[in-house]
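The values are calculated or read from the model by the stated rules, or taken from the named source; none is laboratory data. Just so we're clear, the structure is a prediction, and the values are computed from it rather than from any experiment. Positions of Cβ are generated from backbone atoms using ideal geometry, with glycine treated the same way; all protein chains shown enter the neighbour counts.
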Amino acid sequence: MSDGSVLYLAIEGLLVPLSSSMSSARDGTLKATGIHIQRLEYMLDEADTKVVVNSALVQTVGYRATLGLLSDGIRHRTIGATIPGNRLLGNRTGKRVDRHGWLEDDMERRQADHIAILDHDFRYIPTQFRHVALIADSGLWAADESDWVRLKELLTPRNST
C-alpha cells in the first residue's frame, strides 16, 4: 500500500503547547489555531500532502477528539494516525508502546512514496528518518523563516521541479 506524500504530524508541543490540559482536548475547547496553522495548511495544499497524526493524544483522548483539535484544512488532509484510538488500544498496539515505535511501524505499513516528519522532539523520531524531520522544539508558532524553508523542502518530493 502506498499513500503518496505523507507528513507525520505531532500535535502536542508543536501545534498546541505541552501544558495544554487533557480535559480541554477531550471537551473540544482546545484548538490548534493561528497564522502558523494557516501557513502549514497552505504548504500541505501546495505539496498535495496527506497527514498522519503522530500523537499520544490519540491514545489518551481518542482519534476523533484529536482530529477536533485540528483546523479544517489539516483535518481534511488527515488519513489516519500512527496509533489506533483509545477504544481499540488494547487490541491493536502490538509490541510498541511509544510514539517512536508507532511511527516506525506506521511508516513500514503505509510505504508512502514520500515522507516528512514534523515534531517538537528528536527523541520521537527513529534515527534512520531524522533526515526527513523538522524539529520545532519551541512549537510551530515560534518557528523562524529557516524552519519554514526546511519544511517546504521536506514536503517537496525529490523528483519535483
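Which helices (runs of 4 or more DSSP H) sit wholly inside the stretch 1-62 and have at least 3 residues that are modelled with pLDDT under 90, basic (Lys, Arg) and under 21 Å from LYS152 (Cα atoms)? Before you say what the answer is, go through the steps one by one.
Details: elements: 22-27, 35-47, 57-61.
Hits in the stretch 1-62: none.
Being more than 14 Å from the chain's Cα centre (by Cα) and not in a helix (DSSP H, G or I) is the filter here, so list the residues in the stretch 138-160 that pass it.
The answer is SER138, ALA143, ASP144, THR156, PRO157, ARG158, ASN159, SER160.
Go through the stretch 118-130 and report how many residues are crowded, with 22+ Cβ neighbours inside 10 Å and touching a helix residue (DSSP H, G or I) at 6+ places or on another chain (Cβ under 6 Å). It would help to see each step written out before you state the result.
As a first pass, look at the stretch 118-130 and keep what is crowded, with 22+ Cβ neighbours inside 10 Å: 118-119, 124-125.
Of the ones still in play, those that are also touching a helix residue (DSSP H, G or I) at 6+ places or on another chain (Cβ under 6 Å) are 124.
Count: 1.
When residues of the stretch 100-125 are filtered for being of a type outside the set (Gly, Ala, Ser) and touching a strand residue (DSSP E or B) at 6+ places or on another chain (Cβ under 9 Å), how many remain? Working first, answer last.
Residues of the stretch 100-125 that are of a type outside the set (Gly, Ala, Ser), as a first pass: 100, 102-111, 113-115, 117-125.
Retained after the next criterion (residues that are touching a strand residue (DSSP E or B) at 6+ places or on another chain (Cβ under 9 Å)): 102-103, 106-107, 110, 113-115, 117-122, 124-125.
Residues that pass the stated criteria total 16.
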